[in-house]
Amino acid sequence: MKAVILAAGEGKRMHPLTYTRPKVMLPIANKPIVEHLLIELKKAGIKDFTFIVGYHGETIRGHFGNGARWSVRIEYITQRKQLGTAHALKLVQRHVEDKFVLANGDILVRAADIEKVLAEDNITLSLTEAADTRDLGVVEVAGDKIGAIYEKVAKPPSNLVNAGVYLMTAEIFPAIDRTRESPRGEYELTDSLQMMLSEGYAISWVKIDHWLDVSYPWDLLEANESLMAGIEEQNLGAIEENVVIKGPVSIGKGTVLRSNSYLIGPVAIGENCEVGPNCYIRPSTAIGDNCHVGSAVEIKNSIIMQDSKIPHHNYIGDSIIGEGCNFGAGTKIANLRLDGKDIAVANIDTKRRKLGAIVGDSVQTGINANINVGSLIGDHTYIGPGAMASGVVLPNSKIF
């Protein structure tokens, strides 16, 4: 059976992290979101994939190629204009058999739950319970069949939400042909499915146990923490004397841990990194390839993307740092309000008591610069010596 992966979207709610990459390529535990999905689909027995790409599709093609590295086969279809999920699915009609799996590329699920979907015979949706159904598709059920599908309604009729993994059959395509443009200007798969329900077609559902949806940048931290909990200890690099490691730590090829560094797992460090001396890496931290974390640096519960340098007397907590950043000595990121209340970002309640900053690519800071809690820092921003950055900072800004 083939899996079709929807990976064409930008993910505007993920700005500034998606200015230069599609949402599905954001790293969690040092792998892109969609790579985790591919691995779980392969565990469920699928080895033939079609990726529908669009926004920065070259990033996905460059990372996965033909799939040989994962012992799978991957082909690509380009959705040149992102006109919705039904439009995307229409593009693969000639590339699939009667039954196939469809999955949103920005979700995290497990193989055991995918197998539940594969065990069905007709069109089937995966559902899960959500405490907060905002920005999610809510589903009403009647026994083992779907009753109705609602997209982002103010008063949802249930707490069951569409988890984004489907078993599809060729019967979906006539409905897609008749699907009209939504108020959002898109052709949406849920409208096609609702049309089939209205016409008496029986659509099944299965409840899945493990599901993570990453809608906003800070959701990456929760997902990272969850995936890091199962990390396996490995050392493919070099460890100097007097390094203390507690808990599972994964060290990539060519990486050096220098003397007197203290690491508490789970921690993942990519390839060709230099860590230490005398630094403190705390749990649920993922550091990408070609990074430098130096003397008297403390990092906790954060994602550091590849090619970034945090070399001297820095503190980073509960934050996401983009690619190619360079922090001057003494740069600090605050991650806790003085009053201890939950942190809001751009007037959105994150429901997190601790949250540092979301920093885009190629951001530079001078010595003793500071970044306030809940800040969004756009790409190519320069924060001068001793300056304070706070709130939403647009790309290419200069703060003195």
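So residue 82 passes all but one of these: (1) buried (at least 17 other Cβ atoms within 10 Å of the Cβ); (2) modelled with pLDDT under 95; (3) under 20 Å from the mean Cα position of the chain (by Cα). Which condition number does it fail? For residue 82, the failing item is (1).
For the stretch 313-371, give me each residue that is hydroxyl-bearing (Ser, Thr, Tyr) and under 21 Å from the mean Cα position of the chain (by Cα).
If we filter the stretch 313-371 for residues that are hydroxyl-bearing (Ser, Thr, Tyr), which is where we start, we get 315, 319, 331, 350, 362, 365.
319, 350, 362 - these are the residues of the stretch 313-371 that are hydroxyl-bearing (Ser, Thr, Tyr) and under 21 Å from the mean Cα position of the chain (by Cα).
Checking the structure you have, find out if any residue of the stretch 280-300 is at pLDDT below 95, assigned by TED's automatic domain parsing to the domain that holds residue 245 and within 24 Å of the chain's Cα centre (by Cα). No, the stretch 280-300 contains no residue that is at pLDDT below 95, assigned by TED's automatic domain parsing to the domain that holds residue 245 and within 24 Å of the chain's Cα centre (by Cα). Residues that are out of contact with any Cys (no Cβ under 9 Å at 6 or more places or on another chain) number at least 2 in the following strands (runs of 3 or more DSSP E) confined to the stretch 213-330: 244-246, 249-251, 267-269, 285-287, 309-312, 315-317. Name every residue in the stretch 59-77 that is within 14 Å of residue 22 (Cα to Cα) and either loosely packed, with under 13 Cβ neighbours inside 10 Å or touching a Ser or Thr at 6+ places or on another chain (Cβ under 6 Å) (or both), in order of residue number. Matches in the stretch 59-77: 62 only. Checking 192, 259, 198, 182 one by one, the residue that is surrounded by fewer than 19 Cβ atoms within 10 Å (Cβ to Cβ), under 28 Å from residue 11 (Cα atoms) and among the polar types (S, T, N, Q) is 182 and no other. Pairs meeting the criteria (first residue in the stretch 255-274 and farther than 13 Å from residue 287 by Cα, second residue in a loop (DSSP other than H, G, I, E, B) and among the polar types (S, T, N, Q), beta carbons under 6 Å, at least 6 apart or on different chains) are 259/242; 260/242; 260/278.
Report yes if some residue within the stretch 159-166 is at pLDDT 95 or above and either over 30 Å from residue 359 (Cα atoms) or in a loop (DSSP other than H, G, I, E, B) (or both); otherwise report no. There is at least one residue in the stretch 159-166 that is at pLDDT 95 or above and either over 30 Å from residue 359 (Cα atoms) or in a loop (DSSP other than H, G, I, E, B) (or both). Every test in (1) more than 19 Å from residue 219 (Cβ to Cβ); (2) crowded, with 22+ Cβ neighbours inside 10 Å; (3) in contact with a Pro (Cβ under 9 Å, 6 or more places away or on another chain) is passed by residue 150 save one, and that test is (2). Scanning the stretch 180-212 for residues that are under 26 Å from residue 24 (Cα atoms) and in a loop (DSSP other than H, G, I, E, B) gives 181, 182, 183, 184, 185, 186, 187, 188, 208, 209, 210.
The rows are residues; the columns are (1) touching a residue at least 12 places away in the same chain (Cβ under 8 Å); (2) among the aliphatic types (A, V, I, L, M); (3) not assigned by TED's automatic domain parsing to the domain that holds residue 197.
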{"position": "72", "(1), (2), (3)": "yes, yes, no"}
{"position": "77", "(1), (2), (3)": "yes, yes, no"}
{"position": "80", "(1), (2), (3)": "yes, no, no"}
{"position": "94", "(1), (2), (3)": "no, no, no"}
{"position": "110", "(1), (2), (3)": "yes, no, no"}
{"position": "114", "(1), (2), (3)": "yes, yes, no"}
{"position": "118", "(1), (2), (3)": "yes, yes, no"}
{"position": "134", "(1), (2), (3)": "yes, no, no"}
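Exactly one residue out of 222, 232, 271 is under 21 Å from the mean Cα position of the chain (by Cα), surrounded by fewer than 19 Cβ atoms within 10 Å (Cβ to Cβ) and more than 21 Å from residue 40 (Cα to Cα), and it is 271. Every listed requirement among (1) of a type outside the set (D, E, K, R); (2) at positive phi; (3) modelled with pLDDT of 95 or more is met by residue 64 save one, (2). Residues in the stretch 167-191 that are under 26 Å from the mean Cα position of the chain (by Cα) and of a type outside the set (Ser, Thr, Tyr) were compared, and the one that is modelled with the lowest pLDDT is 184.
The values are calculated or read from the model by the stated rules, or taken from the named source; none is laboratory data. Please read these numbers as outputs of a predicted model, since none were measured by experiment. Methodologically, a virtual Cβ is constructed for each residue, glycine included, from the backbone with ideal geometry; neighbour enumeration extends over all protein chains shown.
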